[in-house]
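Please read the structure below before turning to the comments.
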Amino acid sequence: MRKLYLLVVDDSRLMRRLIGDILAEMQIVARVAFAPDAQAAGKLLAEEKPDVITLDIEMPDMDGIAFLEQLMARNPLPVVMVSALTSRGAEATLTALEKGAVDVVAKPTGLDGMRAFRADLAAAVSFAASAQVDRMSNVDTEPVPAPRRALMEPELIGIAASTGGVSALASVLPALPENCPPVLVTQHMPAAFVERLARRLRGRLDRDIAVAQDGEVLRRNMIRFAPGHRHLVPKSSYNGLSCSLSDAAAPMGHTPSADLMFGGMARLGRPTIGIILTGMGRDGAQGLAQLREAGSVTIGQDQSSCVVYGMPRAAFEIGALDEVLPLAEIGARISIFWQPSLGKVAG
């Protein structure tokens, strides 16, 4: 296996050293180069092409967003953002993810934060090396035929995503029709970034979008995100469906867990739709299998449109998917299930 050449772009000497030490310990890494600012990074990129870049948001001569835009326009490469857990840092990081960055890792705070940073950075860089950055842009959705599997009008939709998920959600969520069932979203992302993502989408889509609250009753047109540090599991309650937040151990080690969300949907005994989007790892596959076995419809993003074809692939390999679709068709597929003229969708 070819080993990786990495570029660390950060104006902090301490952060460059910390990131470099972590990356140098990875067996898949052959060499790490360093740049204190965008200008120095540009000079290095003119001579060599790294496999992955780690990029700080705030730099003196040109901020990380401006540098990322130039990079993606001229020579797209996998970029992992390394961002502070501040409101400003979180907002800028979401912009970076929309503009083509593959993943985000939060800068460490305290000893526990350092341990998490080491593990998260190594994982993000490993998967970023195989990311398809030319698949980040969205494509206009075209009409799609009726689904092959019959389903009563769904009462709940669950969506799971990881690497590349911010861009994917920006494609799927706007395509949902008015008066749609409640939507639960499990996106692997630090808690501070999830809060900002929900707020940003709420402003753009003019929908009821927020981070889920424990015990909150679910209504039509609601979109609720799992907090970054807890699992979101739907429950049946006396007045319908509600959100339950859990600290249970995650089957695949991810918090929040897509497996737990989909598994909870399967136990409802109601018609639902489960969707798994781009992302690294296998989280969500087993939960989708349970959901499909319970009679609900399951949809996976296809390899050609995924930034990282990990989670959808795992679901496909165990037979957990009814449909495999390009990202641009998923929103239109969902809409078909409650067009007034259809009632119960024919197979």
What is the number of the single condition among (1) modelled with pLDDT under 90; (2) closer than 20 Å to residue 91 by Cβ that residue 166 does not meet? (1)
With respect to residue 233, determine if the residue is in contact with a Cys (Cβ under 9 Å, 6 or more places away or on another chain) and either assigned by TED's automatic domain parsing to the domain that holds residue 119 or of a type in the set (Val, Ile, Thr) (or both). yes
Which of the residues belonging to the stretch 1-21 are within 18 Å of residue 84 (Cα to Cα) and outside any strand (DSSP E or B)? 10, 11, 12, 13, 14, 15, 16, 17, 18, 19, 20
Report whether or not residue 228 is crowded, with 16+ Cβ neighbours inside 10 Å, at pLDDT below 95 and touching a helix residue (DSSP H, G or I) at 6+ places or on another chain (Cβ under 6 Å). yes
Test of understanding: among 84, 96, 101, 90, which residue is closer than 20 Å to residue 19 by Cα, at pLDDT below 90 and either in contact with a helix residue (DSSP H, G or I) (Cβ under 7 Å, 6 or more places away or on another chain) or of a type in the set (Ser, Thr, Tyr) (or both)? 90
Given the structure, is residue 222 buried (at least 24 other Cβ atoms within 10 Å of the Cβ) and in the same structural domain as residue 327 (by TED's automatic domain parsing)? no
Residue pairs within 7 Å by beta carbon, gap of at least six or interchain, first lying in the stretch 46-72 and under 18 Å from residue 16 (Cβ atoms) and assigned by TED's automatic domain parsing to the domain that holds residue 106, second among the hydroxyl-bearing types (Ser, Thr, Tyr) and surrounded by 18 or more Cβ atoms within 10 Å (Cβ to Cβ), listed first then second, are 57/83; 57/93
Are any residues in the stretch 58-80 hydrophobic (A, V, I, L, M, F, W, C) and closer than 17 Å to residue 34 by Cβ, and if so, which ones? 59, 62, 67, 71, 77, 79, 80
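The values are calculated or read from the model by the stated rules, or taken from the named source; none is laboratory data. Every value quoted in this text rests on a predicted model; they were computed, and no experiment measured them. All Cβ positions, glycine included, derive from the backbone under ideal geometry; neighbour counts span all protein chains shown.
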